[in-house]
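The next block holds one structure in the form of structure tokens; read it before the comments.
Bear in mind that the values in this text are calculations on the coordinates, not laboratory data. Nothing here was measured: the structure is a model prediction, and the numbers come from that model.
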Amino acid sequence: MDKKVQQPKPHKRRRLRVKFLLKLSAFVCLIVVSIIYLKNYHIKNIYITGNEVIPDVKIIETLEIKDYPSMSKLKVKKAESTLLEQNPIIEKVSIKRDLLGKVRIDITESKILFYYKYNNKYITTSGKSIDDLNNEYYGYPVLINFTPDTVFDSLLKGLNKVNYDIIKMINELEYNPYKAADGTIIDNNRFTLKMNDGNTVIIDTVNIKNLNKYNEIYASLGMDKEKGILYLDTITEDNIYYKSYDTIAKEAKEAEEKAAEENKEKEEKDKDKKEEQE
């Protein structure tokens, strides 16, 4: 014999429906209250992290939150896009806000390697070329002359392997291929670096990682007392080739005097030979 299924009582269904409507109403009210709260609640604190080149004030002015407007005025996705568009040095940005009025802006910047004088642009670790229309970037090494694309790419890759603190010690880079006496290029990847401490470094892109040893060599050779030229393109475990400017000047003077003496002797011989012929 089939059992009859007992149907829910009408008043029980009504109670379930009323509970659902009450929960829905409470949720809607919470949303409405939150919107009103955000619309009228102002930003209380702004925290910015990760930025080294771009100052806090520029970020705040770009987002137009200098006067701590209402939270609703800060549209997160739009604000992130605006920062990326107006500041090419920024690689990534994350903006978060909470109901207590706190806005957190986390910035990830590209690092600037040098200023390339040939095209008047700053070159970053990622190879990006950046204009500086507002003169905001300063204190970076300057690559003063044109460098062939293949050598330029090798320089970029090489510098990415060098400690950034060392890079900031460079004042000037000059593309300076090593040539034989007849003008034949022996090493077309060679650069001359003028350091902020007054010394000069000769390096090529093959051995550019040797720059990481600069501080160690600087201390061991007393390069703070006697400035000169350090040849890091020829460094070995047993030999560090370094010449002071005084030694170079002395050798140049001696070579000049020797050349003058040899020239004088040649002139006297030519004179004597001429007299003999007469």
> DSSP beta bridges in the range 21-146, what fraction antiparallel, as a percent rounded to 5?
Replying inline: 65
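Only Cα pairs under 8 Å and at least 6 apart count here; give the relative contact order of the chain as a rounded whole percent. Intermediate results must be reported in sequence, preceding the final value.
Values: 349 pairs, mean separation 25.3, N = 278.
Over the chain, the number comes to 9 percent.
Relative contact order for the range 112-248: what percent, with Cα pairs under 8 Å and sequence separation of 6 or more?
Values: 229 pairs, mean separation 21.9, N = 137.
Normalised by residue count, the contact order of the range 112-248 is 16 percent.
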> Could you state the principal axis extents of the C-alpha atoms in the range 45-109, from the largest down, to the nearest angstrom?
Replying inline: 30, 19, 18
> What fraction of the DSSP beta bridges in the range 112-248 is antiparallel, stated in percent and rounded to the nearest 5?
Replying inline: 75
> Can you work out ³J(HN,Hα) from phi for every residue in the range 66-79, in order, using Karplus 6.51 cos²θ - 1.76 cosθ + 1.60 and θ = phi - 60°, giving whole Hz and x for Gly and Pro?
Replying inline: 4, 8, 6, x, 5, 4, 5, 6, 8, 8, 4, 4, 5, 5
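How large, in Å, is the range 112-248 by the Kirkwood hydrodynamic radius built from its alpha-carbon pairs?
Evaluated on the range 112-248, it is 15.6 Å.
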>> Is the C-alpha gyration tensor of the range 104-191 telling us rounded, prolate or oblate? Criteria: a/c under 1.5 is rounded; beyond that, a/b larger than b/c is prolate, otherwise oblate.
In response: prolate
>> So for the chain, considering every pair of alpha-carbon atoms, how many percent are separated by more than 34 Å?
In response: 53
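Return the subset of Lys44/Lys66; Lys157/Lys213; Lys44/Lys75; Lys227/Lys250; Lys179/Lys209 for which the Cα-Cα distance in this structure is over 21 Å, preserving the input order.
Numbers: Lys44/Lys66 11 Å; Lys157/Lys213 18 Å; Lys44/Lys75 16 Å; Lys227/Lys250 14 Å; Lys179/Lys209 23 Å.
Exceeds cut-off: Lys179/Lys209.
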> ³J(HN,Hα) across the range 204-218 via Karplus (A = 6.51, B = -1.76, C = 1.60, θ = phi - 60°), whole Hz, x for Gly/Pro?
Replying inline: 10, 5, 5, 9, 5, 5, 4, 4, 5, 8, 4, 4, 5, 5, 3
>> Explain nothing, just compute: Karplus ³J(HN,Hα) = 6.51 cos²θ - 1.76 cosθ + 1.60, θ = phi - 60°, for every residue of the range 122-139 in order, whole Hz, x for Gly and Pro.
In response: 8, 10, 9, 4, 8, x, 6, 9, 10, 7, 10, 5, 9, 6, 8, 9, 7, x
> What is the extension gain from Arg104 to Gln86, computed as 0.36 nm multiplied by their sequence separation minus the C-alpha to C-alpha distance, in nm to one decimal?
Replying inline: 4.6 nm
>> For Asn171, what residues show an amide H to amide H distance below 5 Å, using hydrogens built from the backbone and excluding near sequence neighbours?
In response: Lys194, Met195, Asn196
